[in-house]
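Please read the structure below before turning to the comments.
The numbers here are math on the coordinates, done by the rules we state, and not lab data. Only a predicted model underlies this, so the values are computations on that prediction, with no experimental measurement involved. With ideal geometry, Cβ positions are generated from the backbone for all residues, glycine too; neighbour counts draw on all protein chains shown.
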Amino acid sequence: MPPMRPPPMGAPNLPPGLQQPSALKPAAPGLTSRQPVGSWQPSNPGVGPSQPPEAATPQPPPPEPVKTRPVYQPKRIWTRIDEQPGRIFANNVAADGPTLNLRPRQELTAKWILPLKYLRQRMIDKKVDAALTIRDALGELTVGLFRRGCTENGTNASIISKEILAPADENRNDYPFQVDQKTDAIYGTVPFYAPRTPGHVLFRLYWQDEPLYTLAMGPTLFVRVAEEDFEPTLRFILSNFKSRKGSATSLSSLNALSTVIEQFRPNRRGGWDGAGRAAWGCVCESRKVLEICASEHLKGKEKLRKLKEEVDEIELLVEQEETEVKNDEEGDTEEDSSEKSSKTKLKEKTSMLMGGRASNDRKWKDSQVAFANILKVSTRPGSS
């Protein structure tokens, strides 16, 4: 056995059979001897060893915008007399007065009153030049005749509306008005005619550019068809039937016809040949209107059937998305967003379906009821 040599000075004491480790290699660029290996980060995040999946932190999905419920916007405010700044009279009868009975096409006079304090405050709120006159303050002020129960103001909702000051496209003078210094108010008058068809109507005062506010409201006016007005009213309704088939006013003509026949109480015998022909023509035209309403109802049902198929497909898609297994966090985020969009689409389509069904069925029911009332009042004893 050869003699063992002592290890050189400074050499590590290794067991037999192991070689001495080679010299240390230079450190990697950017790595110092004092920096732990686990804390190394590449200078370029896009280059370097990929991190294991368990070390990667998924990015949280962006926060969804908070959906606020839409605030209900009424179509008309200041609906009570004590809330309204002005007053309006019909043939010198106040809003809290008795109901006025009128004949079709009877002359009416609407007298309106507004306090000057309200007009000054409105001009201040609108930041209008103080050099403007009272006439400038009355711009867009309108008096309208409405059916009782109409939910909104405006030209499209009224039977007829008239602005106090003549618009540029109308060849007429302004309706008269004047200032009363004793009461610090301004008042004026506007002429009207009662509607040709029977029913309850009333006056409203409002701004044409701000129809939300009801400035004043007049008394209830009840238009009744007298014996001498029976035939002209029927011919007017007949002309409406022939000129407005299938429009929204056809339903109002059906109701007007039933009201006219119901109010008819003849005091003389004979001499109703012309009125009878007009009444029969109205009944025939009302049947045509009912047939048009039935056709529109069927078309609406077909559209709703197709919409229901779309809703069923979206419901099936949402159910499939809910039952799918999510693989990783990134996939979960994408799947959640797609599922939420499908649910939102499902909610919108379902709302459209329910609203369309209700509207379609309501129109068809209203037309049936109106036609049934016509037959009822036409066949009652004493109606012929």
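The table that follows gives values for the structure above.
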read-out	value
Sites L298 and R244, calculated FRET efficiency, Cβ-Cβ separation with R0 22 Å, nearest 0.05	0.55
Length added when fully stretched, Q263-D136, from 0.36 nm per residue minus Cα-Cα	41.1 nm
Simple spin-label estimate for R122 and M352 in nanometres, 7 Å along Cα-Cβ	4.1 nm
Fully extended contour minus Cα-Cα distance, from Q320 to D273, at 0.36 nm per residue	9.9 nm
Rg/Rh (Cα only; Kirkwood hydrodynamic radius) as it applies to segment 81-223	0.96
Prolate/oblate/rounded call for segment 182-318, Cα gyration tensor, a/c under 1.5 rounded	oblate
For R135, net neighbour charge (Lys/Arg +1, Asp/Glu -1) across residues whose Cβ lies under 15 Å away	-3
Amide H contacts of L141 (H built 1.01 Å from N, under 5 Å, at least 5 apart or other chain)	I164, L165, Q208
Packing-based ranking, highest mean first, of 295-307, 369-381 given that Cβ atoms within 10 Å are counted	369-381, 295-307
Nonlocal amide H pairs with A185, under 5 Å, H built at 1.01 Å	L116, D180
Entries of K303/K349; K288/K363; K299/K376; K308/K347 with Cα pairs more than 21 Å apart	K299/K376
Distance (nanometres) between label positions extended 7 Å along Cα→Cβ at H200 and T79	1.4 nm
